[in-house]
1. For residue 274, what residues show an amide H to amide H distance below 5 Å, using hydrogens built from the backbone and excluding near sequence neighbours?
2. In nm, give the distance between the simple-model label positions of residue 109 and residue 63, each being 7 Å from the Cα along the Cα-to-Cβ direction.
3. Each label point is 7 Å from the Cα along the Cα-to-Cβ direction; what then is the distance between the points at residue 235 and residue 266, in nm?
4. In whole Hz, what ³J(HN,Hα) sequence does region 136-147 give by Karplus (6.51, -1.76, 1.60; θ = phi - 60°), x for Gly and Pro?
5. I need the calculated FRET efficiency for the pair residue 250 and residue 297, taking r as the beta carbon distance and R₀ as 22 Å, to the nearest 0.05.
6. Among 83-95, 31-43, how do they line up by average Cβ neighbours within 10 Å per residue, starting with the highest?
7. Using +1 on the beta carbon of Lys and Arg, -1 on that of Asp and Glu, and nothing else charged, what's the dipole of region 16-106 about the Cα centre, debye to 20?
8. Just to check I understand the Karplus step: with θ = phi - 60° and J = 6.51 cos²θ - 1.76 cosθ + 1.60, what whole-Hz values come out for region 92-107, glycine and proline as x?
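Just so you know, all these numbers are worked out from the coordinates, no wet-lab data involved. Fair warning: this is a prediction, and the values are worked out from it, not measured in the lab. Neighbour counts run over all protein chains shown; Cβ positions are idealised from the backbone, glycine included.
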Amino acid sequence: MFIDRATIEVVAGTGGSGADAFRRETGVPRGGPSGGDGGKGGDVILEADPQLATLLDFSYKRLYRAERGRHGEGSNRTGRSGEDLILRLPPGTVVTDADSGEVLGELMEPGERFVVARGGRGGRGNARFATATNQAPRRWEPGEEGEERRIKLELKLIADVGLVGEPNAGKSTFLSSVTAAQPKVADYPFTTLTPNLGVVQLSDHRTFVVADIPGIIEGAHEGKGLGHQFLQHIERTRTLAVMVPLDALDPQAEYELLRSELAAYSETLALTPHCLVLTKSDLLPPGEAPPAIDAPDAWGVYTISSVARHGLAELLEGLWKRSRAVAAAESGADTEEGWWTP
C-alpha cells in the first residue's frame, strides 16, 4: 500500500523544574541553597531512512511525544535531559506546518535530519538565585513547555524518469515490461490508483528508476481526475516520457493536452526535458508508419510496443543517456554526447 501523505502532531519534551533544596550536612551549619536545575526536554527529530518507501506507519498513529526532562535535585544535582524522539521518514519527504503552510524542511539524502520541535529548557534551581543579600532563596523555576505543532508530511518520489500519459496509455504495461515492478494492468482506464516505482537494469550494471504516475486528464491541474494528486511526484524527475497510444483518436491533440496540463500545474514540469513515446505500435497494420506528431520541444521521439517488446531497447538507452546528462549538469560534471561519467 502506498501512503504518500500524512498529518501528525509532534510534542517536544517539557523541561524539568528546578529544585528548592538546602544542604543539611553534619558540621556544615547554614549550608545554603543546593537545588539543582531541571533537565532539558527531548527534541523531536526527523531523519531520512533509505529503508522506508512510504508514510504508512504515520497513518496508524497521529501523536508523537518526546521525553520530558527530569526535575533538579538537592546537592546541586541537575535533572537528566529527556531523550530525543527520532521519527524516520523516507527520503523525498517534504515537511510543512499544517496550520501556517510554512515549509519546514525537506529530507532528501539518507541520514539527513532536522529538528521539527525543540524541547523546553529546564528550570533553574534555588541555588541559582543566591546573592549576597539573599543567601537562602526559596525561588525556583518550572521547566519550559516543549514546542508543539501539527505537521504535514508529503512524500515526493525520487525517480530519474517519470511516465506521463492519459489513462490507459500503456504506462503500467511499459513499467512491468522493463522492470520487476508489478503494477495493475487491465484494458480499462484508471487501473493505476497510486504511483509505482521500478528499477530498470541495463548492461554494464547501469540502472535508473522509473515512476509510473496515475493517468492525467484534461483539467488535471485544477484537481480533476487522479493525476493532479500525484503530479507533485514527477517534479523531481530528471526527464519525462510523455506516452501517447497509437490507438488515440487524435495523437497530436493528446500530446498537446498532456504538455499543457503539465505546464498549467508547474513551471518546473514545463521546463523538464521530455521525450515523446508512441505506445501500442503492435496495433498498427503491417507496414503502416506511425502518425507524424509535431513535438519540437521533445529531445527524442520513440515508437514502442511493450507487449511485443519492439523499440524498448532504444528507448531505455535514450532515457539512460538523458537522465545521466541531466544528473551530470546538476553536479557540474562534464558530459560527452549525453553520456555521464561516474
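1. So residue 274 has HN proximity to 240, 299.
2. Going by the 7 Å Cα→Cβ label model, 3.7 nm.
3. My value for the distance between the label points is 0.5 nm.
4. Coupling constants for region 136-147: 9, x, 9, 8, 8, 10, x, x, 6, 5, x, 5 Hz.
5. Numbers: r = 19 Å, r/R0 = 0.86.
Once the sixth-power term is evaluated, E becomes 0.70.
6. The densest-packed peptide leads the list: 31-43, 83-95.
7. 680 debye
8. x, 8, 9, 10, 10, 5, 5, 8, 9, x, 6, 6, 8, x, 10, 10
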